[in-house]
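The structure appears below as structure tokens.
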Amino acid sequence: MKIENSVAVVTGGNRGLGRHFVTQLIARGATVYAAARRPETVDVPGAVPLRLDVTRPETVAEAARIAAGATLLINNAGISTHTSLLDGDLDQIRLEMETHYFGTLGVTRAFAPVIAANGGGAILNVLSVLSWWHPPVFGAYSTAKAASWALTNVLRQELAPKGIEVASLHVGYMDTDMAASVPAEEKLDPGIVAAAALDGIAAGQPEIIADEISRQAKQSLSGPVTPPAWALASD
């Protein structure tokens with residue numbers, strides 16, 4: 001789709017990768033709603049702050065009413081609780097699913113009719129290398145991201161007849177608050193990732209793989225069930 005003159009909604013648009021999306025979309029000529037639980041934290045010049053909590057359906061419905069001109073949705077909002085599936089807090093596991101799966105689904109269900117009514121457009125779901133690689137330390141997160149990958153693949157088929165392209169972004173660690181504990185040399189620049197993702201949307205790519213570790217994880221899906229050598233080496 002054409003980014004220039006589009007009307008974009010970016011969830012989690014107040015910081016991290018989401019803030020880079022907002023900044024770069026504005027630079028490319030889009031009108032941008034930066035959605036956040038606390039819209040007062042949005043500080044990008046030219047962005048339109050929008051209250052939206054993906055775990056609260058009433059705020060999602062109101063955001064879709066306000067951003068009635070939307071043609072591009074970026075489902076970026078996310079959390080990472082580092083919760084184990086076997087003995088972790090079930091409420092934290094549910095929160096991961098509510099955010100990454102049900103939250104993404106709820107926002108998409110609210111905005112898909114809006115985008116279709118505006119002549120079509122695109123939706124990008126920000127996923128992760130952990131949608132394909134599932135280490136126990138990220139049990140709740142990787143399970144939720146894997147579910148979001150399946151959701152993305154289904155919605156791509158359902159929304160194509162409505163003129164809406166659906167893409168996924170897969171990426172490893174980025175230099176954001178969520179990966180603050182990871183050594184700096186292992187992190188990607190989120191600005192570079194945002195640019196690659198927007199280029200992918202503009203080119204109509206259904207799957208945007210931002211780094212080598214994500215490419216290797218995708219390739220390993222056809223291999224044995226045991227973890228591949230590259231995954232073991234990264235621990």
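Okay, here's what the table says:
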{"quantity": "Count - residues of the stretch 51-78 that are surrounded by fewer than 18 Cβ atoms within 10 Å (Cβ to Cβ) and assigned to a loop (DSSP other than H, G, I, E, B)", "calculated": "4"}
{"quantity": "Condition met for Gly29 (touching a helix residue (DSSP H, G or I) at 6+ places or on another chain (Cβ under 6 Å), within 25 Å of Asp199 (Cα to Cα), without any contact (Cβ under 8 Å) to a residue 60 or more places away in the chain and surrounded by fewer than 17 Cβ atoms within 10 Å (Cβ to Cβ))", "calculated": "no"}
{"quantity": "Test for Leu127: is it within 17 Å of Val166 (Cβ to Cβ), out of contact with any strand residue (DSSP E or B) (no Cβ under 7 Å at 6 or more places or on another chain) and not small (Gly, Ala, Ser)", "calculated": "no"}
{"quantity": "Search result, residues across the stretch 123-149 that are hydrophobic (A, V, I, L, M, F, W, C) and either in a helix (DSSP H, G or I) or surrounded by fewer than 24 Cβ atoms within 10 Å (Cβ to Cβ) (or both)", "calculated": "Val129, Leu130, Trp132, Val137, Phe138, Ala140, Ala144, Ala146, Ala147, Trp149"}
{"quantity": "Residues of the stretch 1-22 classified as within 16 Å of Val193 (Cα to Cα) and either without any contact (Cβ under 8 Å) to a residue 40 or more places away in the chain or surrounded by fewer than 24 Cβ atoms within 10 Å (Cβ to Cβ) (or both), total", "calculated": "4"}
{"quantity": "Single match in His170, His134 (criterion: modelled with pLDDT of 95 or more and either touching a helix residue (DSSP H, G or I) at 6+ places or on another chain (Cβ under 6 Å) or not acidic (Asp, Glu) (or both))", "calculated": "His170"}
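Okay, residues lined up against (1) modelled with pLDDT of 95 or more; (2) polar (S, T, N, Q):
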| residue | (1), (2) |
| --- | --- |
| Gly13 | yes, no |
| Gly16 | no, no |
| Arg37 | yes, no |
| Leu50 | yes, no |
| Thr59 | yes, yes |
| Arg65 | yes, no |
| Ala70 | yes, no |
| Leu85 | yes, no |
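The values are calculated or read from the model by the stated rules, or taken from the named source; none is laboratory data. Fair warning: this is a prediction, and the values are worked out from it, not measured in the lab. So basically every Cβ, Gly included, is an ideal-geometry build from the backbone, and we count neighbours across all protein chains shown.
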